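Chemist: Next up is a structure, given as structure tokens.
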Amino acid sequence: MKTKTIKILVGCGIGLVLAGAFPLVDNNFVIRFGTDILMFAVLASAWNIIGGYTGYASFGNVVFFGIGAYTTAILMEKGGLPFAVAYPAAGLGAALFAVIIGLPVLRLRGHYFAIATLGVAEAMKALVQNLEITEGNAGIYLPMLDLSVRHQYWFFYYMMLATAVLTLLATHLMLKAKFGYSLIAIRENEQAADSAGINTTVAKTAAFAMSGFFTGLAGSVYAYQQAFIQPGPVFSVGMTVKMIVMAVFGGMGRLFGPLFGAVSIEVISEFLSDYFLVAHSLFFGALVILAIVFTPKGVIDMVTRRRFGIAYFLQNIREHRI
């Protein structure tokens, strides 16, 4: 086994142990904050499948999050089913929806695709607001988890951690398979990929479904944790923007880039909101812009290559012609 592979495995093992031990801290707020970080890590990593590896910048991935949340709420509240059933059903429901809308929408490219996916998310939000089964804008309550408050925080943290690990593992296996190489070929040159015998329609749709599946799982855990959901928060366009920014900031098209971006941005955002409450958005936006200008390949590229000097930043500016 190569030395680099061993280092990666050791690093992943240490990271998983630390993440598993995180709830041992005696602070429910910190555990909830860790759960939020993991949720955005899942969302950014799921978006990375269609946006980073396939090259289709979806601005409507929040629709899968909302579908996962409402699938869970309806199955548990209306159907009386346990979370163990609602959780995978949420992912499958989001994946099925991704296939249905993906077949026509994935024929578009660039800003046309981005606008179309944004329109789908807004249309679904409007539909949920007017359906009787979802109880419209009034929202829908979910059954409370029958555990102590402390153990509830633990449960949702570990569920989100398991979802994050599953997302990263599935993405890693995808990259090692022929399917992963097909997606990268589509990103680099779709016409050439089609000429080489790759069924681009099937590959793109499968990637979209995979992205929807993991986003739906995150929405399922979120809905059960909140115990009450409304269309506005779970179909918020701002959530899509945030997952895209995290993927780009950390390193789009890199396995651990979205994870790094989610941790970095959530921690920075929390710090800024504590010390610069009035100018929080200004500081946060400026930080993201600077990161994209000077590290267009993501902060993880700078960390893994161990290049922190001015020469590295100037080289990025010259290569990408800001």
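The values are calculated or read from the model by the stated rules, or taken from the named source; none is laboratory data. Treat the numbers as computed from the prediction; the structure is a model and nothing was measured. All Cβ positions, even for glycine, are placed from backbone atoms using ideal geometry, and neighbour counts span all protein chains on display.
Chemist: If I ask for residues that are without any contact (Cβ under 8 Å) to a residue 40 or more places away in the chain and either among the hydroxyl-bearing types (Ser, Thr, Tyr) or in contact with an Asp or Glu (Cβ under 9 Å, 6 or more places away or on another chain) (or both), which ones from segment 222-278 would you list?
Modeler: Those that are without any contact (Cβ under 8 Å) to a residue 40 or more places away in the chain and either among the hydroxyl-bearing types (Ser, Thr, Tyr) or in contact with an Asp or Glu (Cβ under 9 Å, 6 or more places away or on another chain) (or both): SER264, SER269, SER273, TYR275.
Chemist: Next up: Criterion first (modelled with pLDDT under 70, assigned to a helix (DSSP H, G or I) and more than 20 Å from GLY34 (Cβ to Cβ)) does PHE313 satisfy it?
Modeler: So PHE313 fits the description; yes.
Chemist: Do we have any residue at all in segment 64-77 that's hydroxyl-bearing (Ser, Thr, Tyr), touching a residue at least 12 places away in the same chain (Cβ under 8 Å) and within 19 Å of GLY261 (Cα to Cα)?
Modeler: Within segment 64-77, not a single residue is hydroxyl-bearing (Ser, Thr, Tyr), touching a residue at least 12 places away in the same chain (Cβ under 8 Å) and within 19 Å of GLY261 (Cα to Cα).
Chemist: Follow-up. Only residues that are surrounded by fewer than 18 Cβ atoms within 10 Å (Cβ to Cβ), in a helix (DSSP H, G or I) and within 18 Å of the chain's Cα centre (by Cα): list them for segment 228-238, please.
Modeler: Scanning segment 228-238 gives PRO233, VAL237, GLY238.
Chemist: Quick check, is ALA209 modelled with pLDDT of 90 or more and either part of a helix (DSSP H, G or I) or touching a helix residue (DSSP H, G or I) at 6+ places or on another chain (Cβ under 6 Å) (or both)?
Modeler: yes
Chemist: Search segment 136-148 for residues being under 27 Å from the mean Cα position of the chain (by Cα) and in a loop (DSSP other than H, G, I, E, B), and hand back the single one that is surrounded by the fewest Cβ atoms within 10 Å (Cβ to Cβ).
Modeler: Ranking the candidates gives MET144 first.
Chemist: Can you say whether ALA177 is surrounded by fewer than 19 Cβ atoms within 10 Å (Cβ to Cβ) and at pLDDT 95 or above, as far as the supplied structure shows?
Modeler: Answer is no for this residue.
Chemist: Out of (1) surrounded by fewer than 16 Cβ atoms within 10 Å (Cβ to Cβ); (2) assigned to a helix (DSSP H, G or I); (3) among the aliphatic types (A, V, I, L, M), what's the single condition that is false for ALA164?
Modeler: (1)
Chemist: Look at segment 245-264 and say how many of its residues are more than 11 Å from VAL299 (Cα to Cα), at pLDDT below 90 and assigned to a helix (DSSP H, G or I).
Modeler: Count: 1.
Here's the yes/no breakdown for (1) over 23 Å from the mean Cα position of the chain (by Cα); (2) part of a helix (DSSP H, G or I); (3) of a type in the set (Val, Ile, Thr):
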{"position": "LEU96", "(1), (2), (3)": "no, yes, no"}
{"position": "ALA121", "(1), (2), (3)": "no, yes, no"}
{"position": "ALA170", "(1), (2), (3)": "no, yes, no"}
{"position": "LEU173", "(1), (2), (3)": "no, yes, no"}
{"position": "PHE179", "(1), (2), (3)": "no, yes, no"}
{"position": "ARG187", "(1), (2), (3)": "no, yes, no"}
{"position": "ASP194", "(1), (2), (3)": "yes, yes, no"}
{"position": "ILE198", "(1), (2), (3)": "yes, no, yes"}
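Chemist: Restricted to segment 16-75, and to residues that are assigned to a helix (DSSP H, G or I) and polar (S, T, N, Q), which residue is farthest from GLY216 (Cα to Cα)?
Modeler: Restricting to residues being assigned to a helix (DSSP H, G or I) and polar (S, T, N, Q), the top hit is ASN28.
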